[in-house]
Structure formats: C-alpha cells, structure tokens
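All remarks here apply to the structure that follows.
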Amino acid sequence: MRTKAIIASKLIDATQILEKPIILIKNNKITEVGQKGNIDIPKNAEIIEELDSTILPGLVDCHVHFTGSEESKPKLIKEEYETRLINAATNQTKQLLNAGITSVMDTGGLIGLYVRNAVEKGIVEGPRIMAAGRYLSPTGGHGDNQSLPLEWVKEGRPFGWGMDGRLADGVPECMKATREQLRSRVDFIKIVTGGGGGSEIDPAWIPEYTQEEIEAITGIAHDWGRKVMAHCYFPESIRRTVNGGVDIVTHGNRADDETIKLMKKKGTQIVPTMSVYERIHELRPESKASEMYDTIFTNIKKLYEAGLTLAVGTDTMGGIFPFGGSTLELELYVEKVGLSPFEALSIGTLNGIKVMGKEDKLGTIETGKYADLVMIQDDPLEDIKCLQDKDKIKYVLKNGKAVKNTL
Ligand SMILES: [Zn+2]
C-alpha cells in the first residue's frame, strides 16, 4: 500500500495541539507525525490535504447496544430478529463510521457480538467493536425483561431490546454464567448491579447483586484477563460493585462523596451516559428516567474533579437514540458539565481507549499506533458542536483504511 500523507491545519489529541500537522501512514500504522518543514513526504505518497480542517483520533463510544431496531419504545420489539441483525451489521455500523466513531463497546446484546464477528472477518465494514454478549442480571433485575414471561427470558428468546440478559442468581450460577460468556468469546463481561433509570419494577436506587455474587463474576473474568463493566447509579450499589472488583462503572451519576473516594482509591473507570437522558428529557419530560436529569451534570462534574477516568458513553440503542450520536455527549461535557473542549475531546478519544484497555495501540495520533483518525472541516476547540455535523466529517480512517471519504 502507498504511504498516505495527511495534511491539515490542526491536530488535536489528548497529548497535544499541533498546528499545520503532517501525518504519514503506512499500511495500518502511523509512521511519522510532524509539521511542514520538518517531515519528508515520500515522492509516491498519496496526499490527503484539506486546509481549514482538524485531525482527531478516531472517536470512541464505550456504551452502545447494537439492537438493529428503529423503534422508539422497544420494550417488545415487533421487528424480526433477523432483519434487525442485518440492519445492525449494515446500517448501524455505517452510521458510527460516518460520525467518525471508530471504536465502540457493545455493553450487552447478542447482536453486538455477531456484528463484532462479522466486522472482524471482513464481511461488513464497521468500527472496532468490543462486545459483552449477554449481560448478567439477577432475576427481576434491570437485565430481566420484566414485561415478558420469566420462562421466555430464561430461554433467552430475542424478543426484547436485543440486549439479551442472562439471568444468574447466587455465587455458583454467577460463576457459570460468566464462564458461558467467556466461552462465546466476549471481550468483557457486563453485569447489572442496580436498578434502571426507566425500569418498571426496579427503580435505580435498588442494589441488585450482593458483593459475593459480584466477586464471583470478577474473579473469573480477571482470571481470563477480561474487564468487568457494571450498570449502576446509587451509592450502595456502587459501593458493592467497586468493592466486588468491578473495573468500569457505567452511569454512576448518583455517586456520593464516599463512593467517589472509593472509586478513586480502586482506580475504577467510569462511563456516564448523559445524552440518553438529554434526549429523554427533551422528548418525554414526564418519564421516570427524566427524574435523573436535574442532578446528572453537577454530579458528573464532581466525578471529573475527583480525578476519575471518565469516558464517553451514550447508551445508543437505535430509534430515538440514533447511532453516531455520541458527539452530543461531547457537547454536554462542554455546555452542561463545564469542561473545556480539549478536555471533552480527551474524554471522547484517549479515555475511551483506556477503558477498552488499548491505550498502547490507539487513542492518540502517535508514531507506531494504529491509524484510526478523523478529519473535520472545522475546529472543535472553537465549536464542539461542529462534530455533530456529519457533512463536515470529511475523512475517516480505521486501521489505515479510508472508511469515509467525501473530500
Ligand atoms: Zn446500556
């Protein structure tokens, strides 16, 4: 493959802001990063030049669910499972790449696991996907599709959101369920340790799982070198989750001072999901999930100020939470949480890669790393919202290959 030379007016990653950058890419790796005058562009290089544009590392979303659904209230999805699978693999993957998102974590659902396999095999084009497969939940918990008969949920019929909870109660069953997930080659384990924002029978403050059950799951996952991510909101469930050895808390926006201190001490990473609440609040201000809205931004600021590693996550599921919408999360970090655009971009790139555990290979634009990057015809430091304009995202490279090019 010819060397690519990418020339822009600015480069921003979590480590630097570089004016007039030139980035050389050979095959799937970044081979040199410099500026006009201090870098030799090989004679036969393919030149990709766009002045007034900014280069960023590929964007990261650490909380999506490939449901393949376009329904807005998908409690009981009527669309066929097979059709949704095709939609997830062909359209939802494209929507992510089109928005400059080159790495995602699918935090629960078999469809995400199948799409990951199809992308890895080169059957479809998509972002890098780390998939959790079925997420583990106690009976009656947030991962139990409570509107369906229990027997259907236990059988794992794919009628729900496509998130496909695996019910597991008690230490032996939690251990077995974790091993089942590992057997199906998941990249990490997702568990539900507290109620849900919009749950019918288990409000978000309810702790789900005992610390012993959580320890049983994390013990096995860590033996296999896999991280565990837990869904929870309130202090008691966060306390059990973190003491139980969980690596990543998602949501977590009701943490109090004590649990923030605990997360800091244990090095727990956190993936808040603000944009889902922003959209619910916009569309259905009377809904239960909307009750979380008022405190979410001040609480997330506390988490950031405590020095925790925060990463972007959206809880995108399709429908009213369209794929490729994680750039709204960046706007909320700036406009509502009060961070600088540079801080928000670091959260949306390198921090997400840290949560995925791939910071030695991705997350910044440095020599030797894989070439995942985005060229946008604007400056997100001036206006973070520009990232939401897909037409301004002109060029997206994943693993050295152009997956979007409208230059
Ligand atoms: Zn989720």
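Return one whole number: the accessible area per residue of region 1-75 in Å², for a 1.4 Å probe. Please report the intermediate quantities before stating the final value.
Details: 3350 Å² over 75 residues.
Here the per-residue accessible area is 45 Å².
So between residue 224 and residue 139, what do we pick up on full extension, going 0.36 nm a residue minus the alpha carbon distance? All intermediate terms of the calculation are to be shown ahead of the outcome.
Numbers: separation 85, 0.36 × 85 = 30.60 nm, distance 2.56 nm.
Stretched fully, the residue 224-residue 139 segment lengthens by 28.0 nm.
With all pairs of different alpha carbon atoms counted, what Kirkwood hydrodynamic radius in Å does region 1-85 show? If you can, show how the numbers build up before the last one.
Numbers: mean 1/r = 0.0624 Å⁻¹.
Result for region 1-85 stands at 16.0 Å.
If you count, for each residue, the other Cβ atoms within 10 Å and average over each peptide, how do 137-145, 101-109, 356-364 line up from highest to lowest? Walk me through the intermediate numbers first.
Details: 137-145: 23.3, 101-109: 29.1, 356-364: 18.3.
Ranking, from highest mean packing down: 101-109, 137-145, 356-364.
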All-pairs alpha carbon distance profile, the chain, 10 Å steps from 0, percent: 5, 24, 33, 24, 10, 3, 0
70, 382, reordered so the largest accessible area comes first (probe 1.4 Å): 382, 70
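Per residue, how many Å² of accessible area does region 195-265 show with a 1.4 Å probe? Display every interim value, and only then the final one.
On the way: 2830 Å² over 71 residues.
Result: 40 Å² of accessible area for each residue.
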Taking region 249-407 and dividing mean pair separation by its residue count, relative contact order in percent (alpha carbons under 8 Å, at least six apart): 17 percent
Paramagnetic reach from residue 121 (point 7 Å along Cα→Cβ, amide N under 13 Å) across region 85-109: none
Folded to 0 to 90 degrees: helix 110-120 orientation relative to the chain principal axis, Cα: 30 degrees
Point-to-point label distance, residue 9-residue 147, nm (Cα→Cβ direction, 7 Å offset): 4.9 nm
Percentage relative contact order, the chain, counting C-alpha pairs under 8 Å, at least six apart: 19 percent
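Ignoring everything except DSSP H segments at least 4 long, calculate the 222 nm mean residue ellipticity for the chain; use -39,500 (n - 2.57) per segment, divide by total residues, nearest 500. Write out the running numbers ahead of the final one.
Values: 13 runs with 118 residues, N = 407.
Dividing the helical sum by the residues of the chain leaves -8000 deg cm²/dmol.
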Inter-label distance, nm, simple model (7 Å from Cα along the C-beta direction), residue 283/residue 391: 2.5 nm
Of all accessible heavy-atom area on the chain, the percent that carbon and sulfur account for (1.4 Å): 49 percent
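Over 12 Å apart: what share of the alpha carbon pairs of region 309-349 falls there, rounded to a whole percent?
On the way: 447 of 820 pairs.
Counting pairs separated by more than 12 Å, the tail of P(r) holds 55 percent.
The values are calculated or read from the model by the stated rules, or taken from the named source; none is laboratory data. Quick caveat: nothing in here was measured; it's all calculated off a predicted structure. A quick note on method: Cβ atoms are made from the backbone with ideal geometry, for glycine too, and the neighbour counts reach across all protein chains shown. We work out accessible area using only protein heavy atoms, side chains counted, and drop any ligands, DNA or RNA first. Shrake-Rupley method; radii C 1.70, N 1.55, O 1.52, S 1.80 Å.
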